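Below: one structure, written as structure tokens.
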Amino acid sequence: MTPALSVLLCLGLCLCKRTRTQAADGFPKPCLRAENGSLVPQGGAVTLRCRASWEVEEWLLEKKGGSGWLQIKDVRQAGNEGEFSLPSVTAYDAGTYRCRYRHSSYGWSEPSDPLKLVVTDLSAQPSLAALPSSEVASGQDVTLQCGSERWYDWCVLYKDGEEISRSWTPNHERGCQVDFLIFAVNPTHDGTYRCYSFQSSSPNRWSPPSAPLVLRVSGTFSPSPESEKGLSDAGAQDYTVGNLVRLILAELVLVLLGVLLIKHWKSFRRQPDQGVLG
């Protein structure tokens, strides 16, 4: 092989390798989602779908472990979406997943954004109550109280199937309790609420959901006669205190003026005497 041919062959191989690397690096990352939601009861089925921007040949599902990302499933399936089925999830299946795809012979794409799969029904069911009532007038405050006889350190509140809040719960000797306060409710707060509990040491393994609580908001909140009387009494007390403060300040000003006048009068009386002595 001549030197010129060797140089051309080397350049061709390098260019081919560079082109493949750029193609692999240039692949847009796929999107990973859980069909019917990422909260799955123990024993339930879930399908994870990995979607690409174009048709590919092979799909890879990975799960985050203690030593990094571990390959879980490798599926050869032509098309722009790969499918990974988990027919009966257990506590082991809870965790964080991501997926990749392989296009032709150019290698694997960048990984998708991580997806957290939460397995529920793994411990005692919490309870959810509305205080003062689940039927409130618009403008009134309401507290949704999530509690359990078993100790957890986190509670999560859902409304109509969507997470709206979560809170850390202090340690109680007898179970746990978290209050979710909703100030000045309005009709948008109408809906069905549930809460879950879990330990921070196992953030993807949750309790079963509480029984559903339906919150109804209607009308306009009007203070009771007793509360109105309390408000008027408080206002009267505020006015009384204000008047007292103003009276004290006026007296202090008068005393200060009196002191200044006395000093001025004494200095005025001493001036003629000082002139005679001089």
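The values are calculated or read from the model by the stated rules, or taken from the named source; none is laboratory data. Quick caveat: nothing in here was measured; it's all calculated off a predicted structure. Here the Cβ positions follow ideal geometry from the backbone for every residue, glycine too, while neighbour counts run over all protein chains shown.
Brief remarks on what is shown
- Counted residues, the stretch 73-114 - those being of a type in the set (A, V, I, L, M) and within 18 Å of Lys29 (Cβ to Cβ): 1
- Sub-8 Å Cβ pairs linking a first residue in the stretch 106-122 that is more than 24 Å from Glu57 (Cβ to Cβ) to a second residue that is buried (at least 17 other Cβ atoms within 10 Å of the Cβ) and of a type in the set (Val, Ile, Thr), at least 6 apart or interchain, are Leu117/Val40; Leu117/Val46; Leu117/Val89; Val118/Val40; Val119/Val40; Val119/Val89; Thr120/Val40, ordered by first then second residue.
- Selection from the stretch 168-178 of residues that are exposed (fewer than 15 other Cβ atoms within 10 Å of the Cβ) and either part of a strand (DSSP E or B) or under 20 Å from the mean Cα position of the chain (by Cα) (or both): Trp168, Pro170
- Test for Leu231: is it of a type in the set (A, V, I, L, M) and modelled with pLDDT of 80 or more: no
- Within the stretch 117-129, the residues that satisfy the criterion of being out of contact with any Phe, Trp or Tyr (no Cβ under 8 Å at 6 or more places or on another chain) and either of a type in the set (Phe, Trp, Tyr) or not in a loop (DSSP other than H, G, I, E, B) (or both) are Ser127, Ala129.
- Single condition Leu144 does not satisfy, out of (1) modelled with pLDDT of 95 or more; (2) surrounded by fewer than 17 Cβ atoms within 10 Å (Cβ to Cβ); (3) in contact with a Cys (Cβ under 9 Å, 6 or more places away or on another chain): (2)
- Qualifying residues in the stretch 105-132 (those that are touching a Lys or Arg at 6+ places or on another chain (Cβ under 9 Å) and of a type in the set (Ser, Thr, Tyr)) - the one surrounded by the fewest Cβ atoms within 10 Å (Cβ to Cβ): Ser105
- Residues (in a strand (DSSP E or B) and under 17 Å from the mean Cα position of the chain (by Cα)) located in the stretch 130-164: Leu144, Cys146, Trp154, Cys155, Val156, Leu157, Tyr158, Lys159, Glu162, Glu163, Ile164
- Among the residues of the stretch 193-212, those identified as within 14 Å of Cys146 (Cα to Cα) and not aromatic (Phe, Trp, Tyr) are Arg194, Cys195, Ser197, Ser207, Pro208, Pro209, Ser210, Ala211, Pro212.
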